[in-house]
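Chemist: Following this message is one structure expressed as structure tokens.
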Amino acid sequence: MTSILGGIGLGVQSYCFREFSNERIVDALQECGLTRLEICRKHLNLEVAGEPDRVLDLYRSSGISFNSYGINVFDNDESKARAFFEFAVTAGIKVLGAKPTPDAFEMLGRLCDEYSIKLAIHNHGRKDLVYGTAARLEEALARAPEPIGLCLDTGWLIDANEDPVAAVHRFAGRIYGVHFKDFDYSESGERLEAALGEGNLDVTGVVRALKQTHFNGYASIEYEGEPNDPVPSIKRCVDALILADREA
């Protein structure tokens, strides 16, 4: 197992492998030296009969566990939401990545307490009018019960002109997951996928801040470039995080 931050198993968001079958993802994870996967709906759809058990069995038999399931939209529909919590219990997942509607906070908080599972709100950059900026995240957390925190995405913070290092300190104690993501920008302002440390992200600074604030959630690499062959870039991301963990 590749681990950082004092023993947290490093994973990767399955959307990075959106052109891959689950069987091919198993091979890719082994090539990257990873045994944690943040599975998304692209690769595991709760609404397809038999698929959750089949996919979970495939990964478990290959020595791979899920660190989260997401990012999923939650509205104020308890029966729909409950299915995600039931699956999380089955899969051994402690934190669900989420984009909840604010009117669902009370209901989701109750489910978090009932199932002993946390919910992590994902920020998605400047165009995310609900959770895209640090100020919006702060407003959401002020309204949300304690079991609802953040899946802090470093790349999308950069996209919103936020400082990921400052955000780690600002939201210390309510960060339940991290997406390690990096962006570069062209002279015209076009957003470009970058392996960690090859864009604008201070990887060591973020890792140091997570250590200083005693982060103990889940950690996933998210790199969306080269969808047909992302493994070389993801391996560079792994190497960058291992180096940052040593230096922080």
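Chemist: Check ASN72, ASN67 and return the single one that is closer than 28 Å to LEU141 by Cα, touching a strand residue (DSSP E or B) at 6+ places or on another chain (Cβ under 7 Å), of a type in the set (S, T, N, Q) and surrounded by fewer than 20 Cβ atoms within 10 Å (Cβ to Cβ).
Modeler: Values: ASN67 fails: surrounded by fewer than 20 Cβ atoms within 10 Å (Cβ to Cβ).
Unique residue meeting the criteria: ASN72.
Chemist: With the requirement that a residue be in contact with a Gly (Cβ under 6 Å, 6 or more places away or on another chain) and assigned to a loop (DSSP other than H, G, I, E, B), what does the stretch 152-205 give you?
Modeler: Matches in the stretch 152-205: ALA160, ARG174, LYS181.
Chemist: Let me ask you something else. Taking the condition of being charged (D, E, K, R) and in a loop (DSSP other than H, G, I, E, B), how many residues in the stretch 121-151 meet it?
Modeler: 4
Chemist: In the stretch 210-237, what residues are in contact with a helix residue (DSSP H, G or I) (Cβ under 7 Å, 6 or more places away or on another chain), over 20 Å from CYS40 (Cα atoms) and surrounded by 21 or more Cβ atoms within 10 Å (Cβ to Cβ)?
Modeler: LEU210 - this is the single residue of the stretch 210-237 that is in contact with a helix residue (DSSP H, G or I) (Cβ under 7 Å, 6 or more places away or on another chain), over 20 Å from CYS40 (Cα atoms) and surrounded by 21 or more Cβ atoms within 10 Å (Cβ to Cβ).
Chemist: Still on this structure, I have one more. Filter the stretch 4-28 down to the residues that are more than 16 Å from the chain's Cα centre (by Cα), of a type outside the set (Asp, Glu) and over 15 Å from ILE242 (Cβ atoms) and list them by number.
Modeler: PHE20, SER21, ASN22, ARG24, ILE25, VAL26, ALA28
Chemist: If we only count helices (runs of 4 or more DSSP H) wholly inside the stretch 1-120, which ones have 2 or more residues that are β-branched (Val, Ile, Thr)?
Modeler: 22-32, 78-91
The numbers here are math on the coordinates, done by the rules we state, and not lab data. This one's a predicted model, so the numbers in the text were calculated from it and none came from an experiment. Using ideal geometry, Cβ is built from the backbone for each residue, glycine included, and neighbour counts are taken over all protein chains shown.
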